[in-house]
Each structure stands twice: as C-alpha cells, then as structure tokens.
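No lab work stands behind these numbers, since they all come straight from the coordinates. No experiment lies behind these values; they were computed from the predicted model shown. Note that we place each Cβ from the backbone using ideal geometry, even for glycine, and neighbour counts take in every protein chain shown.
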Amino acid sequence: MAASALLTTASIRDRAAPARPARATTCGDSFLAADVGGTHARLALMTRTTGQAPKLAAYRVYRCADHPHLEDIVRCFCAELDAQPRELVLACAGYVHAGSVINKNLVWPVLLQNVKQRLALDQVWFLNDLQALAYAVGHGAADGASVLKAPMTRDTHAGPVVVIGPGTGLGAAVWLPGQPSRVIATEAGHTQLAARVGREQQVLARLAQADCHVSHETVLSGPGLHRIYTALCAIYDRYPSLHEPSAVTQAALAGRDEIAHAALTLFCGWLGSFAADLSMLYGATGGIYLAGGFLFQMVDFLRGSPLQERFLDKGVMRPFLQNVPIRVMDHNHHGVMGAASWHWDTHIWGRHSDTDARTGDERKPCIAFNDAVFPPDR
C-alpha cells in the first residue's frame with residue numbers, strides 16, 4: 001500500500017477538531033492542504049516528521065461567500081490555530097491559466113502568485129479538486145462508500161476509477177492504477193449535453209438558444225438541478241416556488257412537490273448517462289464514484305431513479321457496463337486528504353533524490369510559474 005494511505009479516513013475523523021496545536025513557525029514541520037470549491041473551502045494543517053507520512057493536526061470548513069478572498073480564509077485558519085506554515089497545497093475547482101485559476105463558479109478570483117505573496121508562503125502547489133479527490137479514492141479513502149450498483153460478476157480486474165463530483169459545478173477525474181498511480185484531471189463537465197427525445201429535449205429547449213453549446217454542468221450541478229426545476233415549472237405552467245437547489249432536493253425527497261420530484265428524476269437520468277460515457281471513455285473497470293454532499297444524502301432516491309438503467313442503456317456496451325460498480329461517497333475531508341497525499345508522494349518522499357525512493361522510477365519535475373509550483377501535465 002502506498003505511504004499516502006497512512007492518512008486514513010479514521011485518523012482524519014478522529015483528529016478533525018483537535019486541541020490547539022503547538023505553534024508551527026518553520027516550513028519544515030508543517031504545511032497547509034486546502035480543498036476549495038464554489039461553496040466551501042476545507043483547510044487542514046498537516047504536520048510531518050522526517051521519514052514519516054504527514055499527520056493531520058487540524059481541519060476546518062469555511063463558506064467561501066463569507067470571506068472576501070481565499071487569503072482571508074487561510075489567515076483565519078492560521079490565526080485560530082496560532083500556526084504559520086510556509087507551504088500550501090491547493091486543490092481547487094478549475095484549472096490554471098497564466099497563474100489564475102479558471103472557474104466561473106468561484107465566488108472570487110484565485111491568483112496563485114497573489115496567494116503566495118500575501119500569505120508570505122515559500123511554495124504554493126495547485127491541483128484540481130477532483131484530481132485530489134480521485135487521488136484519495138485511489139488510495140482507499142472511500143472504501144466505506146455506499147454501493148449504488150454492484151458489478152454483475154466478481155471476476156473483474158482492478159482498473160481505472162472515475163470520480164464525478166456534481167456540486168456548485170461539475171468536475172470529474174480519473175485514477176489510473178500502477179506504480180506509481182496517476183490521476184488525470186479533466187474538464188468533462190464542459191462536454192456537450194445530450195438530451196433524449198421527449199421531456200429532456202423540452203427542458204433543453206428552455207435552457208439554451210438554438211445552435212448554442214450546452215454543457216453537462218448546465219444540468220448536473222446544484223444550480224443545474226434548479227434550472228431543470230425552473231424549466232419544468234415553465235413547461236407545466238407552474239410558479240417556481242422553490243428558490244434554492246437544496247429546497248428542490250428536500251421537496252423531492254419528502255414528496256412535497258411533484259415538479260421537484262420530476263426535476264430530480266431527470267437529473268438522475270442525465271447523471272447515469274454521463275457516468276456511462278466516462279466509463280466507456282476511460283475503461284473504468286475500477287468503478288464510478290459519485291462524490292458530493294447532496295448525492296450522499298439521497299442514496300435511496302438514486303437507487304429508485306433511472307440512473308442505473310440509463311447507465312446501462314448504451315447499446316452493445318451494456319455487458320461491459322454491467323461489471324462497472326457505482327458508489328456514492330461524501331466529499332467531506334477527502335479532498336484535503338488527497339491533496340496532502342499527493343504532496344507527500346510528489347514533494348516529500350525522496351525529496352532529495354531524482355528518483356522515486358519506492359519504485360526507482362524517475363521523478364517528473366514540476367513546472368514553475370512565478371516561483372509557485374504546479375503538477376506536470378496540467
């Protein structure tokens with residue numbers, strides 16, 4: 001098992017709210033791991049000892065909208081803990097272009113050089129938030145996830161794992177087995193939405209103008225669910241009385257609103273088709289993980305929805321998809337766990353060697369941008 005697997009789910013849960021740690025004043029004994037999405041920012045203080053995997057010292061969750069920028073969240077976290085780490089591993093929705101994180105769902109811009117300078121950090125590393133989540137999943141962080149669909153046969157080999165995260169936006173990443181394992185960050189949420197003849201096409205007609213790109217994220221996200229609900233209200237000539245995605249979900253699960261129920265059902269059908277497309281694209285014999293707080297709260301609804309049948313309804317590929325398991329996991333702390341694990345494998349273990357101390361493989365250099373460091377191939 002990889003050394004990063006030592007960062008177990010249990011250890012994070014048990015130490016999520018520890019006593020006030022000793023002040024960390026040097027860059028050599030601690031670092032920050034952050035998981036930032038459109039709604040929440042999750043931060044962890046990781047401590048390390050030479051030759052050992054990092055350990056979690058503290059973990060907090062912040063609402064992004066409550067703070068003027070990311071630096072303020074980091075300052076609040078460090079001030080609360082009386083800690084001054086000098087390195088930050090940032091797992092964030094989106095991708096980096098010219099030093100800026102590109103993601104329309106963030107409530108404020110994230111400029112990596114500004115983060116580095118304003119927080120007086122020695123290093124800032126970036127990876128996509130779903131990339132971090134996939135890294136955690138690949139190392140066993142989500143072994144307790146709820147099984148939505150089991151494989152038809154047990155005679156399956158471990159293969160690529162796809163992690164899909166509908167939230168404020170729609171992210172996806174792929175974990176590839178091997179020594180060492182790799183994770184591919186994708187922008188699959190921006191691929192073209194396919195609508196079936198009937199109700200889906202009626203909804204799609206309400207969401208976009210003719211001959212315009214409509215992404216999967218348009219419907220497969222929290223705001224997307226509300227868009228589906230609003231479109232259905234227009235189709236059925238009903239007043240849209242539910243004004244938040246969470247209200248649509250709650251009304252559907254409680255059986256209080258038939259339009260909300262229809263919206264969540266359409267959402268699940270589209271999610272099943274999208275998951276199957278990614279399964280076939282990446283040969284995901286290792287399975288599909290659906291990550292996100294609101295999905296984790298509606299596992300029973302997912303089981304009774306069209307998701308599984310839409311997942312299997314891919315013509316001649318049905319036998320292949322029958323052996324692809326689907327699991328549902330809570331996002332929770334897994335993003336920071338994956339970011340810390342990635343940092344351990346990439347920048348701490350064998351730091352003074354040009355080769356991987358475990359496998360002997362040549363270690364790929366990181367790409368520098370204005371003194372901040374990013375993973376390769378991003």
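Once the C-beta distance of Gln209 and Phe320 is scaled by a Förster radius of 35 Å, the resulting FRET efficiency is 0.45 to the nearest 0.05. Each of Ala194, Ala252, Trp175 was scored by the projection of its Cα onto the charge dipole of the range 151-324, and the greatest displacement toward the positive side belongs to Trp175; charges sit on the C-beta of Lys, Arg, Asp and Glu.
Ranked by how many other Cβ atoms sit within 10 Å of their own Cβ, fewest first, the residues Glu87, Glu258 fall in the order Glu258, Glu87. Put the Cα centre of the range 263-294 next to the Cα centre of the range 93-119 and the gap is 28 Å. Each residue in Val110, Val219, Val197, Val36 was given a count of other beta-carbon atoms within 10 angstrom of its own, and listing them fewest first yields Val197, Val110, Val36, Val219. Here Val336, Val183 are placed in order of increasing Cβ neighbour count within 10 Å, fewest first, which gives Val183, Val336.
With K and R counted +1 and D and E -1, the other residues having a Cβ less than 13 Å from that of Ala188 yield a net charge of -3.
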